[in-house]
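Working notes for the structure below.
None of the figures in this text is laboratory data; all of them are computed from the coordinates on show. Predicted model, so just to flag it, every value in this text is computed and none were measured. Ideal geometry is used to build each Cβ from the backbone, glycine not excepted, and the neighbour counts take in all protein chains shown.
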Ligand code: GLN
């Protein structure tokens with residue numbers, strides 16, 4: 001039977017609970033344990049699929065098509081295992097199921113209550129699939145003290161008594177702030193947060209203390225004393241230069257050894273080489289490359305977190321530091337002037353919804369195509385590439401996606417039949433992994449090195465096959481295709497130095513340990529472009 005590790009957060013949000021859980025998972029995997037991480041979120045949305053990225057950051061999509069919290073992206077980037085739809089549970093999902101059961105009469109006349117019915121449902125979800133793993137890490141969203149996370153905390157309190165004591169471990173992530181005027185690190189917020197946790201019956205076994213400066217011995221002693229944990233269980237999570245350094249820092253603090261001892265699991269040999277190499281490459285790049293990302297949510301970096309990471313992974317692969325220049329698509333709505341792109345080696349248009357900034361994105365594609373700058377279009381970015389090509393190469397005046405103009409004379413991007421009558425927006429897009437066949441002798445084939453791939457989707461609209469012949473004749477290649485559904489998945493322009501648009505989201509499957517081939521290839525092409533431009537510049 002699996003052992004369970006629960007990760008809660010105190011003091012304030014954004015302390016990196018997700019990265020802590022993922023890093024611990026990495027270390028336990030390196031020690032040969034089969035690990036999965038789940039996230040329990042206290043909000044009422046059934047899933048984050050309908051939430052704006054401005055509110056909630058990126059919506060991460062799993063292989064089996066669940067729209068989930070962005071922390072699942074971290075779990076997949078750090079671990080070798082895939083997450084799935086049972087790995088992200090919200091209060092909305094729990095209540096939905098309990099109310100459904102109540103309406104069916106499954107509770108046989110009982111008064112349905114938070115305790116035990118909601119807590120039982122939460123515990124069932126914690127245990128689901130656990131028999132396939134050695135260790136299940138469960139991250140509880142929100143901060144201890146929030147009203148809405150109480151049923152989750154009550155459930156994880158109970159679970160210790162359902163199982164054996166050595167099968168359950170509680171880790172609490174807190175903040176030890178540095179107060180400039182006093183010149184000191186302060187432990188009081190941590191003490192209060194642990195007191196709140198103990199009030200609801202949970203005694204943390206390990207404290208992960210985020211701090212700007214190292215915790216010295218006396219601070220560790222003080223925290224241990226006031227929070228009722230042993231001193232070596234006070235783990236210092238000092239601010240790291242990269243999230244990929246965190247597993248190494250946590251290993252240095254001994255967290256994996258302490259966890260295994262407390263769970264009465266053998267320590268087993270391990271090697272950190274893979275992660276040391278990643279951090280070495282990040283800290284010692286041979287050169288830099290700059291990618292201009294033209295999007296709508298550029299002020300909120302969490303909205304493009306997987307994309308951001310996948311670009312960094314492409315840099316790791318090529319030993320390059322990737323600088324990302326975020327460009328607001330609305331600023332490009334008039335003809336994009338060179339000033340936006342003069343310091344950019346490659347242009348990327350990511351996924352998105354709604355028409356805000358859409359003409360700016362199409363202008364960015366045009367700029368990249370005409371000036372022969374490496375271009376990578378993802379989902380909406382691919383759709384923009386097709387629209388631009390139809391308008392400016394085929395001279396289809398007013399060509400558009402019906403998402404933005406229902407009356408366009410040239411609907412080059414359109415809804416498939418199954419999407420036409422959809423009324424409920426939650427969970428109804430084309431979601432999750434689909435097969436894609438790759439044509440040989442194309443950029444896609446050169447990048448992937450195979451003819452069959454699986455990539456994840458999250459969109460409603462598709463390339464309109466009515467225009468395939470015209471578009472192909474005019475010089476756009478369809479290099480990726482979903483045979484079962486007859487859908488275009490990848491387009492490229494052969495005469496261009498690197499121009500590729502894909503209907504799926506490759507960024508969801510990139511890991512620092514296995515950078516995605518399209519990102520690696522795009523970064524390399526952008527770097528070559530930089531070198532060529534520098535050479536041209538020096539010849540003038
Ligand atoms: N809005 C487009 C669609 O629904 C693209 C979605 C996306 O980029 N994820 O098809």
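Remarks
- Modelled label reach - residue 424, point 7 Å along Cα→Cβ, the stretch 45-70 residues with backbone N closer than 12 Å: 46-47
- Computed lengthening from residue 402 to residue 277, 0.36 nm per intervening residue step minus Cα-Cα distance: 40.3 nm
- Residue-averaged 222 nm ellipticity for the chain, from DSSP H runs of 4+ at -39500 (n - 2.57), nearest 500: -10500 deg cm²/dmol
- When its C-alpha radius of gyration is set against 2.2 N^0.38 Å (N residues), the stretch 217-262 gives a value of 1.23.
- Estimated inter-spin distance, residue 333 and residue 161, nm [label 7 Å along Cα→Cβ]: 6.0
- In this calculation the C-beta distance from residue 99 to residue 392 is compared with R0 = 51 Å, giving a FRET efficiency of 0.45.
- If you take the alpha carbon atoms of the chain and fit the smallest convex hull around them, that volume is 174 Å³ per residue.
- Using the Cβ-Cβ distance between residue 45 and residue 288 with R0 set to 51 Å, the FRET efficiency works out to roughly 0.80.
- Per-pair calculated FRET efficiency, R0 = 60 Å: residue 416 and residue 199 via Cβ, rounded to 0.05: 0.65
- Label-to-label distance for residue 191 and residue 13 is 2.8 nm, based on points extended 7 Å past Cα in the beta-carbon direction.
- Here the gap between residue 319 and residue 216, fully extended at 0.36 nm per residue and compared with their Cα-Cα distance, gives a gain of 33.5 nm.
- If you take the Cα centroid of the stretch 423-483 and the Cα centroid of the stretch 498-540, the two points sit 19 Å apart.
- For the stretch 166-210 versus the stretch 244-291, the gap between their alpha-carbon centres in whole angstrom: 23
- Nearest 10 degrees, 0 to 90: helix 305-318 Cα axis against the chain principal axis: 70
- At q = 0.14, 0.20 Å⁻¹, base-10 log of I(q)/I(0) for the stretch 244-381 (Debye sum, equal scatterers on each alpha carbon): -0.72, -1.12
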